[in-house]
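A.B. asks: Questions regarding the structure given below will be posed in turn.
The values are calculated or read from the model by the stated rules, or taken from the named source; none is laboratory data. Predicted model only: the values in this text are computed from it and were never measured. Cβ: placed from backbone, ideal geometry, glycine included. Neighbour counts: every protein chain shown.
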Amino acid sequence: MAHCVTLVQLAVSCDHLIDKDIGSKSDPLCVLLQDVGGGTWAELGRTEQVRNCSSPEFSKTLQLEYHFETVQKLRFGIYDIDNKTTELGDDDFLGGAECSLGQIVSSQTLTLPLMLKPGKPAGQGTITVSAQELKDNRVVTMEVEARNLDKKDFLGKSDPFLEFFRQGDGRWHLAYRSEVIKNNLNPTWKRFSVPFQHFCGGDSSTPIQVRCSDYDSDGSHDLIGTFYTSLAQLQAVPTEFECIHPEKQQKKKNYKNSGTICVKICQVEAEYSFLDYVMGGCQINFTVGIDFTGSNGDPSSPDSLHYLSPTGINEYLTALWSVGSVVQDYDSDKLFPAFGFGAQVPPDWQVSHEFALNFNPSNPYCTGIQGIVDAYRQALPQVRLYGPTNFAPIINHVARFAAQAAHQGTASAVQTSRPWSSWMLMVGPCVHILARLLLVT
């Protein structure tokens, strides 16, 4: 029987939040937590912060897995954020609500009163949560600019931002809110991506409303203009839309527009997960670089990362086994190139920042993680730790290898159309990174 599991996204909005800031409204943010048992709640995600707003509609959705056979208890917490820390203990609590994911899914849209604590309402505050199943992995990627927007600020130009709304259930749902570009009547906003389902409800013909507004810190944003379109029309790039202010259009006979919105890029793309690549046959080529610089300390000293304990283990071997045991399952031939850097290498004792761990430069491959471990154990007493810490040659080596595979094509990557990926583990006192250098599809 198929597992009753699917990915859903929750859109959140609030009304009539209490004000905690003196002289202005609160700056709310929503936190989603799930009951994991034993009275413990785990945070699943947060929305963006909306400044100076008592009835926010959050643009960022919250995603989680829906399990039909499980009661998934959720808690929504609304906080007034007045600092840059991620901790919530020093932020004002504006109210919370609890329900199950099943309640939200079965209702599609659920509105609950916000409570400061059991039996104590948070004024007239409410939270509304709507659920939508993520049925595909497509995303809408766009790049938008504007020209000749209306000047809205008395002492400066406008501070424009965009909002995209999709139509559904008889109302407009916020799909995306851009960043604010200060003091600019010809802005170019950053390229952005929105899940296809969230942007247009899975239908390219769904009506889309685009609003361009002038940002004000007190939340009373001034409308510059708006227009209506659909994803299908937006994809006919490059395309332009006149930004129309309804009141100006009615009052001024010679009114033309309040600026032009230019869509430079609009495309629907599949956003593949790591699991998609793995299940599609991705082969991971794994390379290891080990730091043999003097900063490690004398290998005979227990304080050194290279010190082998009586059990034959040290920090380097622990890192190799921890990462390598996972990655090796995705490499069909289990042959891994391994290098060292920062040591004086026999027989001429010149410092090398890219020597084969098995001292065979024509064939630096080791068989499996055990092969890397064996090569490391044999190399350690034969080299002299030196310096400086320079791991760039090894990174460049792997980058060249990956670029060559991308350019020429290999049997696994091109001839059989299987995705290929290059990963590298660098271990040392200052370096503990797992870096994916290139992914070819």
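A.B. asks: Six or more apart or on different chains, Cβ under 6 Å: which pairs go from a residue in the stretch 309-332 that's without any contact (Cβ under 8 Å) to a residue 40 or more places away in the chain to one that's surrounded by 15 or more Cβ atoms within 10 Å (Cβ to Cβ) and of a type in the set (Lys, Arg)? Could you list them?
C.D. replies: From residues that are without any contact (Cβ under 8 Å) to a residue 40 or more places away in the chain, there are no pairs.
A.B. asks: Sort through 110, 155, 74 and tell me the only one that's free of Cβ contacts under 8 Å to residues at least 40 places away in the same chain, outside any loop (DSSP other than H, G, I, E, B) and of a type in the set (A, V, I, L, M, F, W, C).
C.D. replies: None of the others qualify; the one that does is 110.
A.B. asks: Please identify the pairs in which a residue from the stretch 363-392 that is closer than 11 Å to residue 352 by Cα has its Cβ atom under 8 Å from the Cβ atom of a residue that is hydroxyl-bearing (Ser, Thr, Tyr) and at pLDDT below 95, counting only partners at least 6 apart or on another chain.
C.D. replies: Between residues of the stretch 363-392 that are closer than 11 Å to residue 352 by Cα and residues that are hydroxyl-bearing (Ser, Thr, Tyr) and at pLDDT below 95, the close pairs are 385/293; 386/293; 387/293; 387/295; 388/293; 389/293; 389/295.
A.B. asks: Still on this structure, please answer the following. All but one of (1) crowded, with 16+ Cβ neighbours inside 10 Å; (2) of a type in the set (A, V, I, L, M); (3) in contact with a strand residue (DSSP E or B) (Cβ under 6 Å, 6 or more places away or on another chain) hold for residue 231; state the number of the condition that does not hold.
C.D. replies: Among (1) crowded, with 16+ Cβ neighbours inside 10 Å; (2) of a type in the set (A, V, I, L, M); (3) in contact with a strand residue (DSSP E or B) (Cβ under 6 Å, 6 or more places away or on another chain), the lone unmet condition for residue 231 is (3).
A.B. asks: Here is a further query. Would you mind finding the one in 128, 86, 109 that is surrounded by fewer than 16 Cβ atoms within 10 Å (Cβ to Cβ), within 23 Å of the chain's Cα centre (by Cα) and not assigned by TED's automatic domain parsing to the domain that holds residue 216?
C.D. replies: After ruling out the rest, the residue left standing is 86.
A.B. asks: For residue 66, only one of the following conditions fails: (1) part of a loop (DSSP other than H, G, I, E, B); (2) touching a residue at least 40 places away in the same chain (Cβ under 8 Å); (3) not hydrophobic (A, V, I, L, M, F, W, C). What is its number?
C.D. replies: (1) is the only condition that residue 66 fails.
A.B. asks: Then there's this: So for the stretch 209-223 (the condition being out of contact with any His (no Cβ under 7 Å at 6 or more places or on another chain), farther than 26 Å from residue 53 by Cα and surrounded by fewer than 16 Cβ atoms within 10 Å (Cβ to Cβ)), does at least one residue qualify?
C.D. replies: No, that holds for no residue.
A.B. asks: Quickly run through the stretch 4-34 and pick out the residues that are in a strand (DSSP E or B), modelled with pLDDT of 95 or more and not aliphatic (A, V, I, L, M).
C.D. replies: Result: 13, 14, 15, 28, 30, 34.
A.B. asks: Which condition number in (1) in contact with a strand residue (DSSP E or B) (Cβ under 7 Å, 6 or more places away or on another chain); (2) surrounded by fewer than 16 Cβ atoms within 10 Å (Cβ to Cβ); (3) within 28 Å of residue 196 (Cα to Cα); (4) not small (Gly, Ala, Ser) is the one that residue 49 fails?
C.D. replies: Result: residue 49 fails condition (2) only.
A quick yes/no check of all residues on (1) surrounded by fewer than 18 Cβ atoms within 10 Å (Cβ to Cβ); (2) in the same structural domain as residue 32 (by TED's automatic domain parsing); (3) touching a residue at least 40 places away in the same chain (Cβ under 8 Å):
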| residue | (1), (2), (3) |
| --- | --- |
| 99 | yes, yes, no |
| 121 | yes, yes, no |
| 147 | yes, no, yes |
| 181 | no, no, no |
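A.B. asks: So, in the stretch 257-281, exactly how many residues are more than 20 Å from residue 159 (Cα to Cα) and either assigned to a strand (DSSP E or B) or modelled with pLDDT of 95 or more (or both)?
C.D. replies: Within the stretch 257-281, residues that are more than 20 Å from residue 159 (Cα to Cα) and either assigned to a strand (DSSP E or B) or modelled with pLDDT of 95 or more (or both) number 7.
Conditions (1) surrounded by 19 or more Cβ atoms within 10 Å (Cβ to Cβ); (2) under 13 Å from residue 287 (Cα atoms), marked per residue:
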| residue | (1), (2) |
| --- | --- |
| 317 | yes, no |
| 326 | no, no |
| 332 | no, no |
| 349 | no, no |
| 359 | no, no |
| 368 | no, yes |
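Matching residues to (1) modelled with pLDDT under 95; (2) β-branched (Val, Ile, Thr); (3) closer than 25 Å to residue 171 by Cβ; (4) touching a Lys or Arg at 6+ places or on another chain (Cβ under 9 Å):
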position	(1), (2), (3), (4)
56	no, no, yes, no
62	no, no, yes, yes
75	no, no, no, no
88	yes, no, no, no
95	no, no, yes, no
103	yes, no, yes, no
106	yes, no, yes, no
136	yes, no, yes, no
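A.B. asks: A further question follows. Go through the stretch 131-164 and report how many residues are under 18 Å from residue 180 (Cβ atoms) and within 22 Å of the chain's Cα centre (by Cα).
C.D. replies: Of the residues in that region, 7 qualify.
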